[in-house]
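Working notes, structure below.
Bear in mind that the values in this text are calculations on the coordinates, not laboratory data. Small disclaimer: the values here were computed from a predicted structure and weren't measured. Reconstructed Cβ throughout: ideal geometry from the backbone, glycine too, with neighbour counts over all protein chains shown.
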Amino acid sequence: MEIKVGIKQVSREIVVESNQTTAEVEKAVAKAIDRNEVLTLTDTHGRRVLIAGGSIGYVDIGEESARRVGFGSG
């Protein structure tokens, strides 16, 4: 799934492609914000992204849309 994290006062967002479930991500985000802890997300390659809970502006959790391959006429 694709996770986008907006950071306060930063124009670019952090995008992570992860195998974590929606419930896992929601729980981790809520905990990081409530307790002002570090949010740790793991991408599909096993790399970790650490984000300070107090700097999180928003989190967009959603399935990545299917990618088209080749040429289409529509």
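Within region 7-40, the residues that satisfy the criterion of being assigned to a strand (DSSP E or B) and either more than 14 Å from G62 (Cβ to Cβ) or of a type in the set (V, I, T) (or both) are I7, I14, V15, V16, V38, L39, T40. Looking across region 15-57, the residues that are surrounded by fewer than 16 Cβ atoms within 10 Å (Cβ to Cβ), closer than 19 Å to M1 by Cβ and among the β-branched types (V, I, T) come down to V15, T21, T22, T40, T42, T44, V49.
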